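The structure appears right after this line, and notes come after that.
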Amino acid sequence: MGEYADLAERDRRLARTRSAMEAAGLDALIVVGKGHWWTGRGYIRYFTDFHIWGHDGLLCIPLNDEPFMVFSSYAVAERIAARGWVTDVRGDVYQAPRLVEMMRQKGVTRGRIGIAGRRYILSAGNYDILADGLPEVDFVDADDLMDRVRSVKSALEVRQIREHWVLTKAAMERFVEAIEPGKSQRELAAEASAVALAGGARDMLVFIGERPDELDPPRDVPVRCDDILRYHMEICGESGHWSEITVNCAFREPTDMEYKLVESELRALDAITPMAKPGARLSELASLFEETLRADGWDIGSPTTHFDFHGQGMDTIERPWHAAESPWGQSQDWVLEAGMVFSYHPRRIVEPAPGWSTGINEDVLITEQGLERFGNGWSHRWRVM
């Protein structure tokens, strides 16, 4: 049985959030949530410890009073309140008007109020309703504030992620064990998914490929077992935290270039490990990755928009992130702090082309000593079958 979050953990998260609010001069914070893996479902889970599988929510956190919330499903609103982290939760498909009403009732009607999710989650219509309904409020963007707060995981969250990775590796090992000619892609994916679900997984994203240009949802076709079989899983565990992992099963001897690229990228990861301490930046780590590949004789070509790193927690992709292509990839090049968790998977279009890329995925923790790998011995090398 996993270690569950309790009200003490809720209070730690609220205290951290309110400290950031106070530093930013905010009288309250509105947190916008949506039932989507990348756009704010984790915002709601962070403060409610309730798994949101769909629908939308607006949560208001006053600086000096209890949080309250509107959720677009009446039934789910009752369940969120019953969980006990936020007990004043109203169900209403018209969220913004109801939140305005609640804010008026509670006297949260003036001052400087941040909106976390204003840029990417809140609709323009709902923003207009908030602004028109609360004319004495100065609404400001608080996306960075919220993302910086949750980017640093608590000690409990780190323990939960470590435990989740035990399940993640078990699911992937079951995929490898189950491979045999004639089985379909879907049958193999079901074997791995059954292990994850039995261990409490809430959601999964899975891809499979048997040619270098393939990585698609599993199909009802037999696996060919004549080249490389790549399988990728992203799993949301019982605690709400995500993992990301890939395995490469080789049914032929990998080429010298394919072996070489794997070893180059693993050397890069080894080089990055002691450097990834508080105070470093993602761009510095990405540059070291490139330097290592160049030192091994690879021409890495033009920068790409592929994420070298992206934050990971209660959303499968969180900020900060980094990609080589400017300017958007540099926009989240924040100074690293101990407790940040990332999915690490830098890739470059290298020459000479090796055939298959590496597919290396590893979830990592920033510590005072450098990277801690949650994979804890997970092999990124080719699995020669």
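What follows is calculated from the coordinates using simple rules that are stated; it is not laboratory data. Everything quoted here is computed from the prediction, not taken from an experiment. Please note: Cβ atoms are built from the backbone with ideal geometry, for glycine as well, and neighbour counts cover all protein chains shown.
When the expected Rg is taken as 2.2 N^0.38 Å, what fraction or multiple of it is the alpha-carbon Rg of the chain?
The value comes to 1.06.
When the Cα convex hull of region 276-322 is projected onto planes of every orientation, the mean area is 4.0 nm².
The peptide list 31-40, 207-216, put in order of mean Cβ contacts within 10 Å with the highest first, becomes 31-40, 207-216. Residue order for 283, 343, fewest other beta carbons within 10 angstrom first, comes to 283, 343.
For the residue pairs 34/260; 34/153; 153/183; 153/260; 106/277, the C-alpha atoms sit more than 32 angstrom apart in 34/260; 153/183; 153/260; 106/277. The separation of region 50-99 from region 166-236, counted between C-alpha centres, amounts to 36 Å.
Calculate the spin-label point distance for residue 337 paired with residue 266, positioning each point 7 Å from the Cα along the beta-carbon direction, and give it in nanometres. Between residue 266 and residue 337, the simple spin-label model gives 3.5 nm. Decide, for region 7-151, between rounded, prolate and oblate: order the square roots of the alpha carbon gyration tensor eigenvalues as a ≥ b ≥ c, take rounded if a/c falls under 1.5, and otherwise choose prolate if a/b is larger than b/c, else oblate. Rounded. What is the angle, in °, between the Cα long axis of helix 155-178 and the longest principal axis of the Cα atoms in the chain? Nearest 10 is fine, range 0 to 90. Taking Cα atoms only, the helix is inclined about 40 degrees.
Given Cα pairs under 8 Å that are at least 6 residues apart, what percent is the relative contact order of the chain? The partial results should precede the final answer.
Values: 784 pairs, mean separation 52.7, N = 385.
Answer for the chain is 14 percent.
Between residue 207 and residue 226, the modelled label-to-label distance comes to 2.4 nm, taking each label 7 Å out from Cα in the direction of the beta carbon.
Would you please classify the overall shape of region 155-384 from the alpha carbon gyration tensor, given that a ≥ b ≥ c denote the square roots of the eigenvalues, rounded means a/c under 1.5, and beyond that prolate means a/b larger than b/c while oblate covers the rest? Since a/c reaches 1.5 but b/c is at least a/b, the shape of region 155-384 is classed as oblate.
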